[in-house]
Amino acid sequence: MSLIRLTDITRHYDMGAETVHALRGVSLSIDRGEYVALMGPSGSGKSTMMNMLGCLDTPSSGRYELNGTDVSEMDDNELAEVRNREIGFIFQSFNLLPRATALRNVELPMVYAGVPADERHERAMAALTQVGLAERVGHKPNELSGGQRQRVAVARALVNKPSILLADEPTGNLDSKTGKEILALFNELSAKGNTIIVVTHEEAVARHARRMVRILDGLIASDEVLVKD
Amino acid sequence: MRLIAELFEGLWIALDAIRANKLRSALTTLGIVVGIVTVSLMAAAIDGLNQAFIKSISAIGADVVFIEKFPWFNEEPWWKVRNRNDITQAHARALAKQSQHAEAVAAVTFSRRAVRYGDAIATSVTIVGTTEQGAIVDGLNLTEGRFLAAAEVEGARPVCVLGADVAANFFPYESPLGKRVRISDSTFEVVGVLTRRGTFLAMESLDNQVFIPITRFNQVVSWRPNVTIRVKVKDMKKIPEAREEFRGIMRKLRNVAPGDADDFAINEQQAFINMFHRVGGVIAAVGLFITGLSLFVGGIGIMNIMFVSVAERTKEIGLRKALGAKPRAILLQFLLEAALICLLGGLIGLGLAWGAAAGAASVLPMRISPMVVGLALGVSLVTGVIAGFLPAWRAAKMDPVEALRVE
């Protein structure tokens, strides 16, 4: 059974008089353990697609099954719970809390999951060690480099053991060298069995995935399996 | 479990937000500080007055009723009651004889006169004419000597008992017992000295008094004056029955025809307390309303700054929601921040009010009681929660997609 099954998803926004159709009927299945790149230029609908996959938004019509449950009709509270349990977000601008240490930032999703404090601490330490930041747990984001910040964000995404890692232009704010390091980390995580979806407009980034889905004008333009050398 | 984690997280964020914006938080809370200072000072003043009043009024004694010509708080037109006959000592004696409920009865009257001892003179001393049971009825204690004896009252003997101040002024180094003081050109031998009693309603000293037999009082101070009959009731629980009994006896003594209204009044401490509470309640309500207005203004300031705080942290709200924060958790976070700012203001305000109350203690009897502390902190907390609710609600209902898009 697929981890993600989108069936005829549409999403439109009413902007005053006119209606913007961001998604026009998308069907897509993603299995557990896949590493998928969602590619498309700006305005293609890929951001809407990401919001949909990340349960930040619900479709205007169609059906979204995540891990066997229909999430397309859920209310705010249920969606929050699904995001907490199933999704690990990685953002272009890292989105760390500036006044909190790396450790506290990583603990955050567990706070909303109701994990007891000492277990939170333990798991956050483990996640930070996994991304190679064991030495820097007490530092605040402004004391870390861009690459290190994104590693903190990755650790935060991993810490609740989500079904999906959902990365939105994860290398967009990084120089090419650190960008490659992050993508190498993704490869590593994928090899360990994590399901990863990367949303990007850069072909070079998308090439790191094993499957590439191109989105254009709110529809899926192509869906190909990438052959690794 | 999850709620507790969210609560701690909210508390952490709130403290962090206040730390990050120290000046802003301080300025915002100033409105609350002012509000709490006024509210708690007002409450302290009311409380202090109440305490002072109750302490004073207890000097009257809860188990003593006063049979007098006029009620203390007259509700009849004056022309209806002005022709009432005086209450006399004969009434008091008859009442004492006939009553089952009375433990002690005293006929009391007083007047201000100068008191002399040798060359020394004390003007405007309250001369109290009373009977031998006056000490029981008024709860008088003696440091020296004894109170007036029945035979002395019967025989109108020239003896007196001094109040503590009078005794201290005239006889600073010696015992007054056996000394002779002069009142209205008549000589009185001192037979007793009272212990200190303090003041009545913070005005009238109860120690600047001299007690003499009422029979003697009639001869040298005032000819057959109107008296008050003070009756100490045996059982406090039976005051209503006692009142009825006294009323019946008095009506008979004064030949009031059946169906006619009483031509006397039976007063008691409770009437005083009731009156005070009625007036005090109105003062308290008006005062607290006015001071409450300043708190309201402070609350608006809090609401304003919380809207700013929510707007500033839109992206953070989006992030928290993306990570799984429910609307409830976000609501809690901002409510806690508002409540904490207000509570801080409340504590500062309470500290200032405490200082002010201590400073003003000599002029006005103020008291910051646990009740006032609870009131101040409770009010500031409630103000915070109310003022913070709208901004917090807005934050809780934010669309995470929109919030994350904000730079």
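Just so it is clear, none of the values below were taken in a lab; they were calculated from the coordinates. No experiment lies behind these values; they were computed from the predicted model shown. All Cβ positions, even for glycine, are placed from backbone atoms using ideal geometry, and neighbour counts span all protein chains on display.
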- Message: So if I place +1 on the C-beta of Lys and Arg and -1 on the C-beta of Asp and Glu, and nothing else carries charge, what would the dipole magnitude of chain B be about its Cα centre? I want it in debye, nearest 20.
- Response: 300 debye
- Between A:A126 and B:K97, how many nm apart are label points set 7 Å from Cα along the C-beta direction? 10.1 nm
- Task: Report, by chain and number, residues whose modeled amide H sits under 5 Å from the one on B:G129, excluding near sequence neighbours (fewer than 5 apart, same chain).
- Result: B:T109, B:F110, B:S111, B:I212
- Lys, Arg +1 and Asp, Glu -1 on Cβ, resulting dipole of segment B:27-90 about Cα centre, debye, nearest 20: 160 debye
- Neighbouring Cβ atoms within 10 Å as the yardstick, rank B:M275, A:M1, A:M74 fewest first. A:M1, B:M275, A:M74
- Using Cα centres only, tell me the gap between segment B:24-56 and segment B:286-336 in whole Å. 25 Å
- Amide H to amide H under 5 Å from B:L142: which residues, 5+ apart in sequence or cross-chain, H placed 1.01 Å off N in plane? B:T195
- Task: On a 0 to 90° scale, report how tilted helix A:176-191 is relative to the longest principal axis of chain A, with both axes built from alpha carbons and the result rounded to the nearest 10.
- Result: 80 degrees
- Cut-off 19 Å (backbone N to label point 7 Å along Cα→Cβ of B:R146), residues of segment B:199-233: B:211-216
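For segment B:1-79, state which GluC sites (Glu not before Pro) are in a DSSP loop and have at most 12 other beta carbons lying within 10 Å of their beta carbon.
Here the GluC sites (Glu not before Pro) that fit, given the DSSP loop and packing criteria, are B:E75.
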- In order over segment B:25-40: 3J(HN,Hα) from phi, Karplus 6.51/-1.76/1.60, θ = phi - 60°, whole Hz, x for each Gly or Pro, gives 4, 4, 5, 5, 6, 4, x, 5, 4, 4, x, 5, 4, 5, 5, 6
- Item | Contour excess over end-to-end distance, with Cα ends at B:A156 and B:A90 and 0.36 nm allotted per residue | 22.3 nm
- Message: At 222 nm, what value in deg cm²/dmol follows for chain B if DSSP H runs of at least 4 each add -39500 (n - 2.57) and the sum is divided by all its residues, to the nearest 500?
- Response: -18500 deg cm²/dmol
- Task: Provide A:H208, B:H277, B:H101 in ascending order of the number of other Cβ atoms located within 10 Å of each residue's Cβ, fewest first.
- Result: B:H277, B:H101, A:H208
- Item | Efficiency of FRET from Cβ geometry, B:A356 and B:D119, R₀ 56 Å, rounded to 0.05 | 0.75
- Query: Hey, if you put +1 on the Cβ of every Lys and Arg and -1 on every Asp and Glu Cβ in segment B:85-263, which of B:T130, B:L194, B:N85 ends up farthest toward the positive end of that dipole?
  - Reply: B:N85
- Note on the structure: The set of residues whose placed amide H lies less than 5 Å from the amide H of B:E103, leaving out same-chain residues fewer than 5 positions away, is B:K232, B:V233, B:K234
- Give the order of A:T7, B:T291, B:T28 when sorted by the count of other beta carbons within 10 angstrom, beginning with the fewest. A:T7, B:T291, B:T28
- Treating the angle as unsigned and between 0 and 90°, give the value, to the nearest 10°, between the Cα long axis of helix B:239-253 and the longest Cα principal axis of chain B. 30 degrees
- For segment B:186-240 and segment A:83-100, write down the distance between their C-alpha centroids in whole Å. 84 Å
- Message: Can you compute the helix-only [θ] at 222 nm over chain A? Use -39500 (n - 2.57) per DSSP H run of at least 4 residues, normalise by all residues, nearest 500 deg cm²/dmol.
- Response: -10500 deg cm²/dmol
